[in-house]
Amino acid sequence: MYGYASKAEVLADARRYWNPDKTTFWQDEGVPLVVGDRSGYRLTDVDGHEVIDVHLNGGTYNLGHRNPELVATLTHAVRHLDIGNHHFPTPGRAALARRLVEATPGADKVVFGSSGGEAVDVALKSARYATGRRKIVSVVKAYHGHTGLAVATGDSRFSQLFRSDNPAEFVQVPFNDLDAMTATLSGQDTAAVIMETIPATYGFPMPEPGYLAAVKQACEDTGTLYIADEVQTGLGRTGELWGVYGEGVTPDVLVTGKGLGGGLYPVSAALLGPAVSGWLERDGFAHMATFGGAELGCAVAAKVLEITQRPETRANVHRRIDQVTEGLADLRAELPHALTGIRQKGLVIGLEFGAIGAKQVMTELYRQGVWAIFSTLDPAVLQFKPGLLLTEQETAEILTRLRDAVRKVAGSHV
Ligand SMILES: Cc1ncc(COP(=O)(O)O)c(C=O)c1O
């Protein structure tokens, strides 16, 4: 379509005009993927190498690549609609907002965006408005996106480079350290705590039992708002629509993105509870985004929610959870020195590879026909994110290829 005669030509232009470091990184890591065809959970590199996708861009492709129902929805929508005018109410925007609020205990109003970072920024701004405070607390190695406020909540690797770190207003405490959290909140000067239910980019460390509920309690005790970032843990991956309720927390704000647009049209949302949504009554023009709540995206997102909430989908997710849990337990029993730990809540999974590290496994797995990515902020952990609509056969294939890859990498380390 673009007139390239070979992959090498694509890579040359990508290096020259797009992102030299990232392009080179993947070649060096032995994952020379340039995605060509994509369908269901399968990706085919332009040179023909086929892989099953268990990266899913953090859940963007929860329902598969080019899910036929979502493609039909978008195709139908594009015959009648475009992105719409963001200043006016529309049926699609109103209906999606209503559907999200009805599916989310504690939610009251919805602000749409086109990326997770943008929705996180809206959540933080709303919390600052509601409390009149500036301080935001997140966890060490947090990752909530790269937009203006979101990036300041995250790891210094991403904020310092752009002079976007701001330690006076953005404070970080270690994950699972309740004492550090309560001490930080005790000054009663914090607008919000923002937490992923299970921090993805940090390799999915599991919250200790009761930790998140205790953080929420500490928030309530100090007039602090709780923002749940469900960009990765939401939309059915834990077995429930949102993961945070399973931890006994009703957040003041819930942020969703990625899979909400079905991998076909970017849409994200900050679901604001009544304590946080006040600015929408006072000045509805206070936050604006031309593409936020684009009508095409709303059409796709409504279908995503419908598919995700179907009893058949939920039943499939639970069957896949059982299958994957058993397969991983067998692999760990066989190779405990390689696969040193399994972090799992439903289909949110981090595989610990201790001294071997996750990158070698990632590369071997790619060769064997599965694409799963290492955790940027904990390279010992492989993010392993099976899709919600995988069949038993596909899941078995993934597990077999994983076993073969881990055996091979472990063998080379004996
Ligand atoms: C937990 C979490 N929050 C927010 C974001 C930011 O989303 P986006 O890349 O759409 O801005 C990400 C992206 O990976 C994420 O993983």
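Some observations on this one:
- Rounded to whole numbers, the Karplus 3J(HN,Hα) couplings from phi for the range 90-107 are 9, x, x, 5, 5, 5, 5, 4, 5, 4, 5, 5, 5, 8, 9, x, x, 7 Hz, using 6.51 cos²θ - 1.76 cosθ + 1.60 with θ = phi - 60°, and x at Gly and Pro.
- For PHE170, residues with placed amide H under 5 Å, excluding near neighbours: ILE136
- Accessible surface of HIS413 - all protein chains present, 1.4 Å probe, nearest 10 Å²: 90 Å²
- Cα lying deepest toward the dipole's positive end in the chain, options ILE349, GLY58, PRO91, charges on Cβ: PRO91
- In the context of the full set of protein chains, residues of the chain present 43 Å² of accessible surface per residue (probe radius 1.4 Å, heavy atoms only).
- Burial ranking of peptide ranges 166-179, 257-270 (average Cβ count within 10 Å, highest at the top): 257-270, 166-179
- For the peptides 183-193, 89-99, residues were scored by their other Cβ atoms within 10 Å and the scores averaged per peptide; the highest-first order is 183-193, 89-99.
- Estimated inter-spin distance, ALA355 and VAL78, nm [label 7 Å along Cα→Cβ]: 5.3 nm
- Sites ASP108 and PHE25 - FRET efficiency at Förster radius 51 Å, r taken between beta-carbons, to 0.05: 0.75
- In order along the range 7-22, phi translates into HN-Hα couplings of 4, 4, 5, 4, 4, 4, 5, 4, 5, 6, 10, 10, 9, x, 5, 5 Hz, rounded to whole numbers, per the Karplus curve 6.51 cos²θ - 1.76 cosθ + 1.60 with θ = phi - 60° and x for Gly and Pro.
- Using Cβ point charges alone (K and R +1, D and E -1), the dipole size of the range 69-125 about the Cα centre works out to roughly 140 debye.
- Charge dipole magnitude, Cβ of K and R +1, D and E -1 - the range 68-309, Cα centre, debye nearest 20: 540 debye
- Paramagnetic label reach from GLN393 (point 7 Å along Cα→Cβ; backbone nitrogen cut-off under 20 Å): within the range 43-76, residues 43-44, 50-54, 63-69.
- Taking amide H as placed 1.01 Å from N in the peptide plane, ILE349 has its amide H under 5 Å from the amide H of PHE384, each at least 5 places away in sequence or on another chain.
- Relative contact order (%) - criterion: Cα under 8 Å, at least six apart; region: the range 30-177: 12 percent
- Distances between placed amide hydrogens fall under 5 Å for VAL370 paired with ILE52, all partners being 5 or more residues away or on another chain.
- Taking the accessible area of the range 68-309, probe 1.4 Å, and keeping the other protein chains in place, the carbon and sulfur fraction comes to 54%.
- The range 68-309: C-alpha gyration tensor shape, a/c 1.5 cut-off, then a/b vs b/c: prolate
- Integer Hz, Karplus 6.51/-1.76/1.60 couplings in order for the range 68-80, x for Gly and Pro: x, 5, 6, 4, 5, 5, 5, 4, 4, 4, 6, 6, 10
- Whole-Å distance, taken between Cα centres, linking the range 94-138 and the range 379-414: 36 Å
The values are calculated or read from the model by the stated rules, or taken from the named source; none is laboratory data. Worth saying up front: this structure is predicted, and the values here are computed from it rather than measured. Neighbour counts are summed over all protein chains in view; Cβ atoms, including those assigned to glycine, are modelled from backbone coordinates with ideal geometry. Each accessible area value is taken on the protein alone, full model and side chains, heavy atoms only, with ligands, DNA and RNA left out. Shrake-Rupley method; radii C 1.70, N 1.55, O 1.52, S 1.80 Å.
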